[in-house]
Each structure stands twice: as C-alpha cells, then as structure tokens.
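See below for the structure under consideration.
The values are calculated or read from the model by the stated rules, or taken from the named source; none is laboratory data. Values in this document were obtained by computation on a predicted structure and should not be read as measured data. Heads up, the Cβs are rebuilt from the backbone with ideal geometry, glycines too, and the neighbour counts pull from every protein chain shown. Calculation scope for accessible area: heavy atoms of the full protein, side chains included, ligands and nucleic acids excluded. Shrake-Rupley method; radii C 1.70, N 1.55, O 1.52, S 1.80 Å.
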Amino acid sequence: MEKTPENVSQQAAAAEAPLKLLGSWASSYTHRVQLALRLKGLEFEYAEEDLGNKSDELLRLNPVYKKVPVLVHGGRSLPESVVILQYLDDAWPHIRPLLPSDPFDRALARFWCHFADDKLGPAVGAVFASTGSEQEAAVRQVHENLALIEAELREGAFKGRRFFGGDEVGILDVVLGCGSYWLAVFEEVMDGVRLVDADAFPLFHAWLRGFEALDEARDTIPPVDRLLGYARGVRHMLLGLAGAGDGAAAPTAAAEATAPVPAPAATDIAVDI
Amino acid sequence: MAVEKNNNGLQLLGFWVSPFAQRCHIALAEKGLSYESLEQDLSNKSELLLRANPVHKKIPVLLHGGRPICESLVILQYLDEAFPEASALLPSDPGARAHARFWAGFVDTKVFECGVRLWKRKAGSEPQVQARKEMVEALRTLDAELGDKPFLAGEAFGFVDVAVVPFAAWLVSYGRLGEFDVEEVCPRLVAWAERCGERESVAKSIHPPEKVWEFVGFLKNKLGDK
C-alpha cells in the first residue's frame, strides 16, 4: 500500500483511537498484552473478566474462542495474545518494536513463540493437572523443552544475549516471561516437583531473573502470594481434593479457592506459559 | 519477473501430501519465486532435515542461503518479509493482518488437530465421536467467516486462503471419517475451494481428494488405534 497523505493520516488517526483490554488477573496471556502495552507506553482501559461468568461483551468480541485476552481498538476486536502482540507492532511500528527488524530473526522469534504455546505451555499444564507416573512423564517433557531453549541461549540463536530480544526485551521475552513465573509457583504448590532448576538451566534461570526485575514486568505480574493461592485452588479443583495441601494459605487465597467457579480447562486459566 | 539464478537460494523440504508443505509451494508460486523442491522421506529422515529442524524434525522447512526457517505460517511471513518486491501475501492494514493470522491459527488448532483425532481414534469411540462434533463446528465456523466473500481474505486471494486451501482436499476425508455431509455443513467453503482450485498455484500444489483419502487409509493402518 502506497503511503499517500490520505492513508498516512488514516493510520495516524487509527493509532489515536482508544485501547481497551478484556482480561483476567491470573491469565498469563493477558499479562503478555498488558506488558506489551506498557513497554510501548500506550494507555489502555482494562476490564477484568470473571472467567466463571463471562460477560456478554467478551462473548460478542471473541465468539470463536470465548477467551481472554481481547484487545479492542478502533472498532476492531483482536483475540489471541501472539496475534495481538504482532498487531501492536504493526499499528505502532515506530514505538519500541517487539519483533526484530531482520526477516530471519523475526522468523526465529515467531518459531519460538509458537514453541512456547504449542509445546512448553501444554507440558507445564500437564504437570499441574496430573499426579504419579503421569506427572513424572510430564515433568520430563518440560525439562526436554527447557533444555532446547537453554541450548539456544548457550550456543544457538540467542547466544550471549541478555534477553531473547537482545539488549532490550522483545516478543519472545514477553511470551516466555509472562508464564514462566508459574514454574516456581507450581514447584511450591507441588512438593518434590522440580521444574526450573538453576543448576540444570542456568541461562534460562538468569534470563528469568532479569526479566522479572524489569519495572514493567513488576507492574504486570501479580504478587506471588496471590499466584500461590490461585494455583493451590486450581490444583485442588483439578485433582478433586478438598482441603488438602499446605494449610498456610491466607484467608483471601482460601476464599478464591472455594469460590463457586466451574472447573476450568487447563487452557482457560493461567496454567499456561 | 526475472528468472533468478540459483533459485533465489531457496530450497523447500516438503512431503507431497502435507498441507503445511503445500502452503509453502502455493506461497512461492503466488510470489513468482523459483526454488528447489526437495521431497523428503519421512520414514527415513535425511541428515539435511534433522539438521535443519532439530527441534521438531518435521517438514516443511525453507532453506534460504542454507539458513532454515521452520513452521509453515512462519515461512509464509518470512517470504513476505524477505521478498518484499514480490506480491505480498499478507495485507498491509494492521487489523487485516491480525485477522489473517487469527484465522490461519484457527485452522491449525481447530481443523487440523481435530482431523488427526478423526482418523487416529477408533471409529465410533467416544473421543472419535467428540472429534466429529468439533470438526463440524469448526467447519461451520469457517464457512460463516467466509460468508459471501469470494475469498477468506476478502476480494482477493491472500494469506489466509493460502493457509486454508490445502485443507480443502481433506474435506471429503473429514466428511467420511466424521460421517457428515460436507456440502450441508460448509457449502460456501466447498464453492470457495473450487474457486481457489482454478488458480495455477493451487492446482499445481494440491492433490485430489481421493488421493488424500488413500493416504488417510494408510495413516489409519499404520498409526491409528486398533
């Protein structure tokens, strides 16, 4: 499309339209979009969705999947977090790009984002939803997946980098980062399960610490005690155990755990990466 | 379009019936890019394939100047970005691009994955019956999205059409495995498939539905639940 004066100003006008994000506080997919908007310095209205009682607005804006997050901008409703992140780059190309500029590097970033959602995320979800030998197999799968990422950091595509995006965070940092906090939370909730050993995955570990130290990440990721309470509640529901586990849960966590919410599918809640 | 030396340095590792490989063939043809097509033996994977895609060991893989790009939708976007002078697959409007990516992803997660369960799980078993319901719903959704538009991308054939059209050859198989009438479930999609089939890029790249059905029989035999 040619950059005529007319469509440049159309694009500029479109960029000025207000942003609204429908999300859920414990959804790492939602966190990805919140973090990206903060990185780009874009103002947005946030609407919290009760996933046990989805709003008419959400069902209207995302009829295909009925999930959060959904970004509303200039009359468009955009579901799917990785689609949204790329949209933000397309609509605001000159502000803090999330994707690198070189086509081959962009392809690598997209490949690993897909890996995160297609392989690593479901593997972590499987660990959380299972017990015994089934869980052991799922843990091994997580380790295999983390080992692949560790190898890229050590000697592959991301060798020597502070972040996957280079000196600054990029799309893959946002995708992996918003979700990797669940690894430590799940380890805490499930005794004896080791997911992200600093000895086994030193570079991944270091990257994660660096990511979590960023101001924008701290503003986006919920406090760990809320995440723990949420995870305990979900674990109980998934395994149908009533009142089991660590009794040190705070009153608010217990309330969340016992709230009348229908058992969510693993992909519906924050059991993702 | 000038005839490029060395096929633009492009090689495509593919497999004849794979819809994911076919997306790439169609994209390359649409963009008028010559390339070397390297058919792979998936029962005996080559060193080249294993080195090019060590993570998944799958086709398609595009090699450009020897550097590998994996995942069909990643390849399609790479072709647009590495060859900007050749006609674009993705539209330029950000919202339209998001729409294209969304629906391409939908086909992967809702149609293809469901299709695997349809042939893999034992016919009539609970998971297979569940897969039938999901496939019908997915095809109805896609049919509704197409609506009265000539193409999924709108007035002109585009990225999302390239992403979806290889699955058109699987509709007959899905209908047989799922015991539903394809014409009744997604009539507009059927007409769209015929329309797309008139394009040279598509006609050259996809195989007839009966050939796909034959292949499905082979898959069921080899990998399906007994």
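Table: residues versus (1) modelled with pLDDT of 95 or more; (2) in contact with a helix residue (DSSP H, G or I) (Cβ under 9 Å, 6 or more places away or on another chain).
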| site | (1), (2) |
| --- | --- |
| B:VAL160 | yes, yes |
| B:VAL165 | yes, yes |
| B:TYR174 | yes, yes |
| B:PHE180 | yes, yes |
| B:CYS186 | yes, yes |
| B:SER205 | yes, yes |
| B:GLU214 | yes, no |
| B:LYS226 | no, no |
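Which residues, counting only those in the stretch B:47-83, are within 22 Å of B:PHE102 (Cα to Cα), acidic (Asp, Glu) and over 16 Å from the mean Cα position of the chain (by Cα)?
Answer for the stretch B:47-83, where residues must be within 22 Å of B:PHE102 (Cα to Cα), acidic (Asp, Glu) and over 16 Å from the mean Cα position of the chain (by Cα): B:ASP80, B:GLU81.
Residues to consider are A:ARG194, A:ARG209, A:ARG140, A:ARG226; find the one that is open to solvent by 50 Å² or more (accessible area, probe 1.4 Å), in a loop (DSSP other than H, G, I, E, B) and not hydrophobic (A, V, I, L, M, F, W, C).
A:ARG194
Is it the case that some residue within the stretch B:119-139 is more than 9 Å from chain A (Cβ to nearest Cβ) and either in contact with a strand residue (DSSP E or B) (Cβ under 6 Å, 6 or more places away or on another chain) or closer than 27 Å to B:ASN7 by Cβ (or both)?
Looking through the stretch B:119-139, none of the residues is more than 9 Å from chain A (Cβ to nearest Cβ) and either in contact with a strand residue (DSSP E or B) (Cβ under 6 Å, 6 or more places away or on another chain) or closer than 27 Å to B:ASN7 by Cβ (or both).
List every residue pair whose Cβ atoms sit under 7 Å apart, with the two residues 6 or more apart in sequence or on different chains, where the first one lies in the stretch B:40-64 and is within 22 Å of B:LEU28 (Cβ to Cβ) and the second, anywhere, is open to solvent by 80 Å² or more (accessible area, probe 1.4 Å) and modelled with pLDDT of 95 or more.
B:LEU49/B:LYS57
So which residues in the stretch B:47-60 are touching a strand residue (DSSP E or B) at 6+ places or on another chain (Cβ under 8 Å) and either within 11 Å of another protein chain (Cβ to nearest Cβ) or at pLDDT below 95 (or both), if there are any at all?
If the condition is that a residue be touching a strand residue (DSSP E or B) at 6+ places or on another chain (Cβ under 8 Å) and either within 11 Å of another protein chain (Cβ to nearest Cβ) or at pLDDT below 95 (or both), then B:ASN53, B:VAL55, B:HIS56 are the ones that fit.
Could you please find all residues in the stretch A:159-191 being open to solvent by less than 10 Å² (accessible area, probe 1.4 Å) and either of a type in the set (D, E, K, R) or free of Cβ contacts under 8 Å to residues at least 12 places away in the same chain (or both)?
A:ASP173 - this is the single residue of the stretch A:159-191 that is open to solvent by less than 10 Å² (accessible area, probe 1.4 Å) and either of a type in the set (D, E, K, R) or free of Cβ contacts under 8 Å to residues at least 12 places away in the same chain (or both).
State whether one or more residues within the stretch B:1-13 are of a type outside the set (Phe, Trp, Tyr), in a helix (DSSP H, G or I) and within 29 Å of A:ALA116 (Cβ to Cβ).
So far as the stretch B:1-13 goes, no, none of its residues is of a type outside the set (Phe, Trp, Tyr), in a helix (DSSP H, G or I) and within 29 Å of A:ALA116 (Cβ to Cβ).
Can you find a residue in the stretch A:112-124 that is under 20 Å from B:GLU81 (Cβ atoms), hydrophobic (A, V, I, L, M, F, W, C), in a loop (DSSP other than H, G, I, E, B) and touching a residue at least 12 places away in the same chain (Cβ under 8 Å)?
Within the stretch A:112-124, none of the residues are under 20 Å from B:GLU81 (Cβ atoms), hydrophobic (A, V, I, L, M, F, W, C), in a loop (DSSP other than H, G, I, E, B) and touching a residue at least 12 places away in the same chain (Cβ under 8 Å).
Consider only pairs whose beta carbons are under 6 Å apart and that are at least six residues apart or on different chains; among these, list those whose first residue lies in the stretch A:233-248 and is surrounded by 14 or more Cβ atoms within 10 Å (Cβ to Cβ) and whose second residue is modelled with pLDDT of 80 or more.
Cβ pairs passing all conditions: A:ARG235/A:VAL189; A:LEU238/A:ALA129; A:GLY245/A:ARG232.
Mind checking whether some residue in the stretch A:140-158 is β-branched (Val, Ile, Thr) and assigned by the TED database to the domain that holds A:ALA206?
yes
Output the residues belonging to the stretch A:63-74 that are over 8 Å from A:LEU22 (Cβ atoms) and not hydrophobic (A, V, I, L, M, F, W, C).
Hits for the stretch A:63-74 are A:PRO63, A:TYR65, A:LYS66, A:LYS67, A:HIS73, A:GLY74.
Of the conditions (1) more than 9 Å from chain A (Cβ to nearest Cβ); (2) polar (S, T, N, Q); (3) closer than 16 Å to B:PHE20 by Cβ, B:GLN77 satisfies every one except a single condition; which number is it?
So the condition that B:GLN77 fails would be (1).
Limited to the stretch B:200-226, what total is found for residues that are within 14 Å of B:ILE26 (Cα to Cα) and without any contact (Cβ under 8 Å) to a residue 60 or more places away in the chain?
Summing the residues that are within 14 Å of B:ILE26 (Cα to Cα) and without any contact (Cβ under 8 Å) to a residue 60 or more places away in the chain in the stretch B:200-226 gives 1.
What residue, among those in the stretch A:89-104 that are open to solvent by less than 50 Å² (accessible area, probe 1.4 Å) and either small (Gly, Ala, Ser) or in contact with a strand residue (DSSP E or B) (Cβ under 8 Å, 6 or more places away or on another chain) (or both), is nearest to A:GLU16 (Cα to Cα)?
Out of the qualifying residues, it is A:ALA91.
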